[in-house]
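Quick notes on the structure that follows.
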Amino acid sequence: MDTNRIYRRTEILTNHLRHDQPTATTILQHNACLCYSPPELSESNPVTFDVREMRRLLDGHNLEERDWLFGLIIQSGLFNRREVDGRVFVSPDYNQSMEQQREMTMKRIAYLLDRGVFRGWLTGDGPQEELRKLALHEVIGMYDHSLAVKLGVHIFLWGGAVKFLGTKRHHDKWLRATENYDMKGCFSMSELGHGSNVRGIETITTYDPTTGEFVINTPCESAQKYWIGGAANHATHTIVFSQLNINGSNQGVHAFIAQIRDFDGNICPNIRIAECGHKIGLNGVDNGRIWFDKLRIPRENLLNSVADVSPSGEYLSAIKNTDQRFAAFLAPLTSGRVTIAVSSVYISKISLAIAIRYALTRRAFSIAPNGPEVLLLDYPSHQQRLLPLLAKIYAMSFTSIELKMMYVNRTPESNKAIHIVSSAYKATFTWNNMRTLQECREACGGQGIKTENRIGQFKGEYDVHSTFEGDNNVLMQQISKALLAEYIACQTKNKPFKGLGLEHMNKSCPVIPSQLTSSTIKSSEFQIDLFHLRERDLLKRFAEEVSEHQSQGNSKESAFILSYQLAEDLGRAFSERAILKTFMEAESALPAGSLKDVLGLLRSLYALISVDEDAAFLRYGYLSTENASAVRKEVPKLCAELRPHALALVNSFGIPDAFLSPIAYNWIESNSWSIAQN
């Protein structure tokens with residue numbers, strides 16, 4: 001302790017013992033009150049590129065519709081509109097009970113329905129209608145996950161199943177009724193005993209030719225339908241996924257329409273429904289459990305685009321291969337994976353915008369004696385906490401647009417590729433979102449704990465994304481299986497690789513320089529070469545390891561299971577290579593200028609932090625320890641280069657102030673006594 005501090009402390013204690021009133025000079029001379037200054041006013045945050053154009057690149061489509069819906073939400077008191085320091089904010093009131101949150105979800109749906117938000121979501125045709133639906137659903141998810149999920153179950157899952165698995169008789173009866181909320185649908189696939197393994201579900205449906213009815217039954221407790229969104233309170237109908245048993249022969253999983261409530265809300269006969277209970281998030285969604293007690297439904301309620309049963313009980317399907325038939329019945333899940341992946345990116349954007357704006361105005365500690373405290377984002381360590389995550393979200397934003405374009409322009413020939421890519425991105429983006437939320441929560445310190453500041457609440461709300469529509473680890477292993485099948489097919493038939501971005505496998509193996517310079521490390525050519533090297537080598541290693549296990553007498557499935565470590569490494573390599581390639585294509589499409597320059601910095605930071613975080617580059621010798629160290633040293637340099645652009649980069653997300661939180665702005669005034677009194 002220096003002598004000045006000793007003297008000051010002694011003076012304070014002396015005055016205290018003498019009962020003298022302390023003077024401003026004895027106590028406050030080194031502690032002037034903090035004041036908030038908007039980061040936009042600082043010369044440290046210049047705007048060097050067109051923020052509006054960057055937002056157009058990041059959102060990709062339907063910007064006007066997005067802004068229209070932002071406005072509808074912000075102007076209505078139904079969305080918990082409140083004013084703090086002259087600024088309006090909207091977010092759900094999580095102090096409400098579970099029952100109140102569910103009721104508010106339904107009121108908000110009614111408000112949006114009345115204003116035409118859902119127009120064309122099921123009855124519209126073509127890519128532009130689908131892109132409009134996706135854009136508006138993304139905005140809704142930025143407001144409230146419960147609202148987005150409730151709509152997603154009704155429109156994307158129930159409605160999507162009717163549209164894609166049904167035929168004209170189902171479309172005519174259900175699509176417009178669903179879009180207009182004349183009924184309320186849910187989606188009964190998951191069971192207590194089977195989640196990701198849909199093929200193993202235990203609900204059984206038989207056919208009674210004497211009455212022309214299917215009979216759906218829950219044969220045991222593990223077969224109860226579980227986590228069914230909408231089932232506990234509101235749904236009137238459900239899509240039931242069940243094993244179909246015809247004349248003693250199991251034809252596999254099929255989909256049926258069943259009514260579970262009448263339009264007065266009474267549960268139908270031969271149906272039992274129970275609560276799933278309070279959850280760590282999504283309490284505005286009424287998740288329930290369903291048992292079917294030999295429920296009889298008309299033969300016409302089988303969704304029959306894939307397979308049908310004649311009045312006499314004959315099973316009919318143009319798809320003879322059971323695996324292909326099963327895959328066709330899972331088609332509605334693809335839209336779910338697309339929306340979950342993209343939603344994760346937008347939630348990461350909100351959390352990064354809040355944390356970075358806070359870090360541009362919050363100070364902590366002085367470097368020099370009696371010097372000013374330092375802004376959080378001026379610490380290199382804080383930059384490396386947030387800016388690589390910012391680079392990842394830029395990369396994933398471009399990839400999200402590509403994924404949506406693949407989906408809305410899908411063809412029967414592209415469905416397999418969309419399934420693989422959407423699975424990869426769903427796992428990668430949702431894992432990244434949870435990591436981003438945790439880092440942003442910590443970067444905001446105690447303020448990140450407050451529900452009104454959104455980030456901490458998001459953690460509980462979005463954790464389930466890792467499980468929704470397929471467990472992430474299972475999806476990653478499925479991706480590796482699909483890549484292995486492509487590899488074996490090309491090797492066996494001696495044909496070139498085509499599709500899934502694997503064309504680089506047809507070229508000679510990239511050679512990494514023995515010594516890396518800074519300019520080489522930041523070049524896109526080196527970065528994509530390194531990612532290609534990792535992917536092709538891991539695919540080869542995976543194929544060899546599976547083959548070796550099989551040669552030792554293990555079945556094909558057992559060999560896959562035993563090779564899980566390489567499968568996980570390969571899934572990550574595939575995803576990150578695809579993301580980098582898409583980012584590079586977006587960057588290369590721009591003319592020379594400041595926009596392209598800053599995207600080049602972000603692309604390099606994305607690539608290098610991905611290398612630094614994956615031990616595979618060292619484990620399998622793609623980089624020497626010296627080169628790995630050289631890559632790592634470039635990361636803080638890139639963070640420092642991006643620091644002046646941080647504010648403009650988060651402003652480019654196009655998120656209205658109202659969708660952020662008080663600590664993104666004047667966090668001193670928002671915590672003031674006057675605000676507390678109001």
Any lysines with Cα under 24 Å of the LYS556 Cα? List them, leaving off those in the same chain fewer than 8 positions away.
-> LYS320, LYS416, LYS481, LYS493, LYS495, LYS540
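Carbon and sulfur together cover what percent of the accessible area of the chain at a 1.4 Å probe radius?
Values: 15160 of 29360 Å².
Result for the chain: 52 percent of the exposed heavy-atom area is carbon or sulfur.
Among the DSSP beta bridges whose two residues both lie in the range 175-303, what percent are antiparallel, rounded to the nearest 5?
Details: 29 of 36 bridges.
Bridges in the range 175-303 that DSSP calls antiparallel: roughly 80 percent.
Given LYS404/LYS596; LYS498/LYS596; LYS150/LYS279; LYS133/LYS392; LYS392/LYS507, which pairs have Cα atoms separated by over 19 Å? Walk me through the numbers on the way to the answer.
Numbers: LYS404/LYS596 23 Å; LYS498/LYS596 30 Å; LYS150/LYS279 15 Å; LYS133/LYS392 25 Å; LYS392/LYS507 28 Å.
Among LYS404/LYS596; LYS498/LYS596; LYS150/LYS279; LYS133/LYS392; LYS392/LYS507, the Cα-Cα distance tops 19 Å for LYS404/LYS596; LYS498/LYS596; LYS133/LYS392; LYS392/LYS507.
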Taking a straight Cα-to-Cα line shorter than 19 Å from LYS184, and setting aside same-chain aspartates and glutamates fewer than 8 residues away, one finds GLU99, GLU103, ASP114, ASP172, ASP262, ASP264, GLU275, ASP286
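Under the rule of -39500 (n - 2.57) per DSSP H run of 4 or more residues, summed and divided by the residues of the chain, what mean residue ellipticity at 222 nm is obtained, to the nearest 500 deg cm²/dmol? Before the final figure, lay out the partial values.
Details: 24 runs with 340 residues, N = 678.
Theoretical 222 nm ellipticity from helices: -16000 deg cm²/dmol.
Quick one: which of 292-301, 263-272, 553-562 comes out on top by average Cβ neighbours within 10 Å, and what's the full order, highest first?
Numbers: 292-301: 17.2, 263-272: 11.7, 553-562: 13.8.
Ranked from most to least packed, the peptides come out as 292-301, 553-562, 263-272.
Would you kindly calculate the translational diffusion coefficient of the range 41-92, applying Stokes-Einstein with the Kirkwood radius from alpha carbon pairs, for 37 °C and a viscosity of 0.692 mPa s, and quote it in µm² s⁻¹ without decimals?
This corresponds to a translational diffusion coefficient of 240 µm²/s.
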Enter the accessible area per residue of the chain (Å², integer; probe 1.4 Å; all protein chains in place).
-> 43 Å²
By average C-beta atoms within 10 angstrom, highest first, the peptides 666-677, 208-219 | 208-219, 666-677
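What fraction of the DSSP beta bridges in the chain is antiparallel, stated in percent and rounded to the nearest 5? Let's see the in-between values first.
Working: 37 of 44 bridges.
So the antiparallel bridges amount to about 85 percent of the total.
Let me have the relative contact order for the chain, percent, based on Cα pairs under 8 Å that are six or more residues apart.
16 percent
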Viscosity 1.567 mPa s, temperature 4 °C, Stokes-Einstein D of the chain from Kirkwood C-alpha radius, µm²/s | 47 µm²/s
For the chain, size of Cβ-based charge dipole, Lys and Arg +1, Asp and Glu -1, in debye = 220 debye
Could you pull the Rg and Dmax for the range 19-170, using just the Cα atoms, both in Å?
-> 23.3, 90
Whole-Å distance, taken between Cα centres, linking the range 154-211 and the range 27-101 | 39 Å
What base-10 log of the normalised intensity I(q)/I(0) is obtained for the range 407-507 from the Debye formula, alpha carbons as equal point scatterers, at q = 0.11 Å⁻¹?
-> -0.50
Per Stokes-Einstein, at 25 °C and 0.890 mPa s, what whole-number D in µm² s⁻¹ belongs to the range 153-193, with the Kirkwood radius over Cα pairs as the hydrodynamic radius?
-> 234 µm²/s
Choose one of ASN678, PRO369, PRO311: the residue whose Cα lies farthest towards the positive end of the charge dipole of the chain (beta-carbon charges +1 Lys, Arg; -1 Asp, Glu; about the Cα centre).
-> PRO311
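When the Cα atoms of the range 501-637 are enclosed in a convex hull and the volume is divided per residue, what value in Å³ results? Write out the running numbers ahead of the final one.
On the way: hull volume 15.8 nm³, N = 137.
Considering the Cα atoms of the range 501-637, their hull volume per residue is 115 Å³.
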Calculate I(q)/I(0) for the range 247-396 by the Debye formula, one identical point scatterer on each C-alpha and no solvent, and give its log10 at q = 0.17, 0.19, 0.21 Å⁻¹ to two decimals.
-> -1.13, -1.23, -1.31
If unit charges are put on Cβ atoms (+1 for Lys and Arg, -1 for Asp and Glu) and the dipole of the chain is taken about its Cα centre, the option from GLY152, LEU580, LEU649 lying farthest towards the positive end turns out to be LEU580
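State to the nearest 20 debye the size of the charge dipole of the range 256-397 about its Cα centre, where the only charges are +1 on K and R beta carbons and -1 on D and E beta carbons. Let's see the in-between values first.
Values: 16 positive and 11 negative charges, 86 e Å.
My answer is approximately 420 debye.
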Per-residue SASA entry for SER518, accessible area with 1.4 Å probe, Å² rounded to 10 | 40 Å²
For peptides 636-642, 42-48, sequence by mean Cβ density within 10 Å, most packed first | 636-642, 42-48
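Please work out the Cα convex hull volume for the range 388-462 and give it in Å³ per residue. Before the final figure, lay out each step's value.
Numbers: hull volume 7.0 nm³, N = 75.
In the range 388-462, the Cα convex hull volume per residue is 93 Å³.
The values are calculated or read from the model by the stated rules, or taken from the named source; none is laboratory data. Just so it is clear, the structure is predicted and the values come from calculations on it, not from any experiment. Positions of Cβ are generated from backbone atoms using ideal geometry, with glycine treated the same way; all protein chains shown enter the neighbour counts. For the accessible areas, the whole protein counts, side chains as well, though only heavy atoms, and no ligand, DNA or RNA atoms are used. Shrake-Rupley method; radii C 1.70, N 1.55, O 1.52, S 1.80 Å.
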